[in-house]
Amino acid sequence: MHNNMLWAVVAISFLFLVWRIFKNRNRRNLPPGPRGWPIVGNLPHVAGEGQIWRLLTKWKYEYGPLTYLNLCGQDVIVINSRPAALEILERRSAMYSDRPRFIVSEYLGSELAMPFTRYTKAWQNMRRATHEVLHNQAAPQYHPVQTEEAIILVQNLLFDHSSTLREKLNASAATMLSVIYGRKSVNSSFLPSAQVGKPAITISEAPDKLLITSDILQSLANIGHRFTSSVYPGAYLVDAFPILEYLPESLAKWKRDAVRDRKLMGEAFQSYYEEALRNDDNRGSLCARLEDTSLGSGLTYEEKWWVTGVVSVAALETTSTTLAYFIFAMTLYPHVQQRAHEELDRVIGRTQNPMFSDLKNLPYIRAVVKEILRWNPPLPVVVPRIALEDDWYENYLIPKGTAILENLWGMNYDKDVYGPDVDEFRPERFLLETEKVDEYELKPEFENEDGHNSYGFGRRKCVGKHVADNALFIGICTILWAMNIEPVECNIDLARNTLDTVNPIPDFQCKFTPRFEGLDSFLQQLRDNFEYFKQSRD
Ligand code: HEM
């Protein structure tokens, strides 16, 4: 019985392929791209290719702003340049805000997981609710908690030897969790202190079975990877041959795993949400606001716990990966660290800690934040969009149904924009030359512009970007103010293989030493008086 079904599926898959290939004939004016194989097209080029963004960027220099790929008959167009992304994804966003159907991701629950959701009413409601608490004007309300978290991070980096660097960075990036779930929930019940010392699971070690543990941070990171690796080009045969979806679960391991993992994720998100509602006496958390106010109107109960869970996932690893790359950059570029130290000594001194009100006076640090997001974006490529209509860009056809892949890495490494030294970490590219030695000025065009492409484009652009920028600014500033960072082990393979859309953190070791006497007691004093931040210069 199973054999007959298998043969039927193979036969239908073949017919489906022939139809797709036939459909592709006679279509001229597609953008250029590498020549594909018969039937499977460019699938062999990309399947199993770790860090696909490096390959896409190599192609960018051969084919230009758009590269055409054919993955088993599925049209894919890679956007490699910022002007093309602005024109297609921003100016024509109504046509390019939907995501293609990824079958495994759908079984995992993508219709509830905001970054992966189709362009539906449910997505609109989720976007509205999250925008409301994360937009530009809303973001400063988190300054106090972000400043406190930066102090805690610095204290942990310098004086806590019981946990790994990754655990410390994750714990710090969890600031958003206290906003989403409320500080009491985050501190008292399911959060990390109890887990300190437990080794982090890296991508390569990630278990087959999605692991949800009592450590919420680790669980959220695992959930993130489960989704991001499910949409990696070529990850699952069923996405190339959709007919395979109809195989019964007994013949389709991917389906059994996805159904099981969706249930695990849903249960975890629901328990975090309900725990937060029980613990949040002040009703200030996002969970409480979704329950108590009009913010949650339009969202079902299930959508509320998924949106809070998924925004936590989206916030966590992106921010901690960026901080890890920042520390890594400091080990490689000591002169950048030295310039940053000089700026901090001049503007802040050593008797007070950095605050958000110092931002305007710290152009060099602001340039470091921009450069770190340019140099190693946590998401070098993002979940694709889909073209809802036939369209044209310059003289190229973008056929309806094409998957559009944003190569953010390729845009950040554009030599025409950033100069020939794109591989170098050089904050000065965002700064003006000034008369005064050691004093810097941000180029005016970057006062309000990111200067990189790492938050994406159009209606699906990162909804947490303002909060992320703030967390990175105060985190980076406080780390640099407090410590020297030196390399210990620097034998690094930056192009390490990964079949994931998240940029893997290099395996490096470094040493942190305090920059001035008495720092430990100063930090402790600040911690003891955290109330201070609430009435501070912010
Ligand atoms: C360094 C930090 C971060 C980076 C580089 C980053 C980058 C991105 C990118 C590239 C996308 C996809 C955009 C697209 O499809 O064009 C995205 C989506 C998203 N991000 Fe972020 N992100 C960061 C931090 C955060 C934070 C802190 C939050 C929440 C507080 C967040 C929440 C989200 C959500 C919910 C989406 C899905 C948006 C949608 O589909 O409508 N991100 N982010």
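The values are calculated or read from the model by the stated rules, or taken from the named source; none is laboratory data. Small disclaimer: the values here were computed from a predicted structure and weren't measured. Glycine also receives a Cβ, built like all others from the backbone with ideal geometry; neighbour counts cover every protein chain displayed. For the accessible areas, the whole protein counts, side chains as well, though only heavy atoms, and no ligand, DNA or RNA atoms are used. Shrake-Rupley method; radii C 1.70, N 1.55, O 1.52, S 1.80 Å.
Which is on the phi > 0 side of the Ramachandran plot and of a type in the set (Lys, Arg), of Arg289, Arg283? Spell out the reasoning first.
Values: Arg289 fails: on the phi > 0 side of the Ramachandran plot.
Criteria check complete, one pass: Arg283.
The conditions of being more than 10 Å from the ligand (Cβ to nearest atom) and under 24 Å from the mean Cα position of the chain (by Cα) are met by Phe473.
Considering only the range 153-170, how many residues are open to solvent by less than 30 Å² (accessible area, probe 1.4 Å), hydrophobic (A, V, I, L, M, F, W, C) and more than 14 Å from the ligand (Cβ to nearest atom)? Please lay out each step first, then the result.
So in the range 153-170, the residues open to solvent by less than 30 Å² (accessible area, probe 1.4 Å) come out as 153-155, 157-158, 163, 168-170.
From what's left, hydrophobic (A, V, I, L, M, F, W, C): 153-154, 157-158, 169.
Imposing the further condition that a residue be more than 14 Å from the ligand (Cβ to nearest atom) reduces the set to 153-154, 157-158.
The total comes to 4.
Filter the range 295-329 down to residues that are under 23 Å from His135 (Cβ atoms) and of a type in the set (Phe, Trp, Tyr) and give me whichever is nearest to the ligand (Cβ to nearest atom). Selected residue: Trp306.
Kindly establish whether Glu291 is among the charged types (D, E, K, R) and either open to solvent by less than 10 Å² (accessible area, probe 1.4 Å) or within 16 Å of the ligand (Cβ to nearest atom) (or both). If you could, list the steps in order and put the result at the bottom.
Working: among the charged types (D, E, K, R): yes; either open to solvent by less than 10 Å² (accessible area, probe 1.4 Å) or within 16 Å of the ligand (Cβ to nearest atom) (or both): no.
Answer is no for this residue.
Output the residue which, of all residues in the range 113-149 that are under 17 Å from Leu472 (Cβ atoms) and within 11 Å of the ligand (Cβ to nearest atom), is surrounded by the most Cβ atoms within 10 Å (Cβ to Cβ). Among residues in the range 113-149 that are under 17 Å from Leu472 (Cβ atoms) and within 11 Å of the ligand (Cβ to nearest atom), the one surrounded by the most Cβ atoms within 10 Å (Cβ to Cβ) is Gln146.
When Met355 is tested against (1) of a type in the set (A, V, I, L, M, F, W, C); (2) touching a helix residue (DSSP H, G or I) at 6+ places or on another chain (Cβ under 6 Å); (3) farther than 30 Å from Met126 by Cβ, exactly one condition is not met: (2). Pairs are defined by a Cβ separation below 8 Å, a sequence spacing of at least 6 or placement on different chains, a first member in the range 292-313 that is in a helix (DSSP H, G or I), and a second member that is among the acidic types (Asp, Glu) and open to solvent by 50 Å² or more (accessible area, probe 1.4 Å); the pairs so defined are Leu295/Glu132; Lys304/Glu291; Trp305/Glu274. Among the residues of the range 421-464, the ones that are open to solvent by 30 Å² or more (accessible area, probe 1.4 Å), within 9 Å of the ligand (Cβ to nearest atom) and not in a loop (DSSP other than H, G, I, E, B) come to 1 in all.
For the range 321-342, the criterion of a residue being in contact with a Ser or Thr (Cβ under 7 Å, 6 or more places away or on another chain) and open to solvent by 20 Å² or more (accessible area, probe 1.4 Å) is satisfied by no position.
Name the residues in the range 73-83 that are buried (at least 22 other Cβ atoms within 10 Å of the Cβ) and not in a strand (DSSP E or B), would you? Don't jump to the end; show me each part of the working.
Taking the range 73-83 first, the residues buried (at least 22 other Cβ atoms within 10 Å of the Cβ) are 75, 77-80.
Selection gives Asn80 alone.
Just give me the residues in the range 384-401 being surrounded by fewer than 24 Cβ atoms within 10 Å (Cβ to Cβ) and either within 16 Å of the ligand (Cβ to nearest atom) or in a strand (DSSP E or B) (or both), in sequence order. Pro384, Ile386, Ala387, Leu388, Asp391, Trp392, Tyr393, Tyr396, Leu397 - these are the residues of the range 384-401 that are surrounded by fewer than 24 Cβ atoms within 10 Å (Cβ to Cβ) and either within 16 Å of the ligand (Cβ to nearest atom) or in a strand (DSSP E or B) (or both).
Is the range 97-109 home to any residue that is away from the ligand (no atom under 14 Å from the Cβ) and among the aromatic types (Phe, Trp, Tyr)?
Step one: filter the range 97-109 for residues away from the ligand (no atom under 14 Å from the Cβ), giving 101, 103-104, 106-109.
Subset that is among the aromatic types (Phe, Trp, Tyr): 107.
Checked the range 97-109: at least one residue is away from the ligand (no atom under 14 Å from the Cβ) and among the aromatic types (Phe, Trp, Tyr).
Of the helices (runs of 4 or more DSSP H) lying entirely inside the range 95-184, those containing at least 1 residues that are under 25 Å from Gln524 (Cα atoms) span 143-159, 165-173, 175-181. Of everything listed in (1) within 19 Å of Lys465 (Cβ to Cβ); (2) at pLDDT below 95, the single unmet condition for Ile365 is (2).
When we screen Glu62, Glu87, Glu49 for residues that are assigned to a helix (DSSP H, G or I), more than 16 Å from the ligand (Cβ to nearest atom) and over 19 Å from Trp375 (Cα atoms), the only hit is Glu62.
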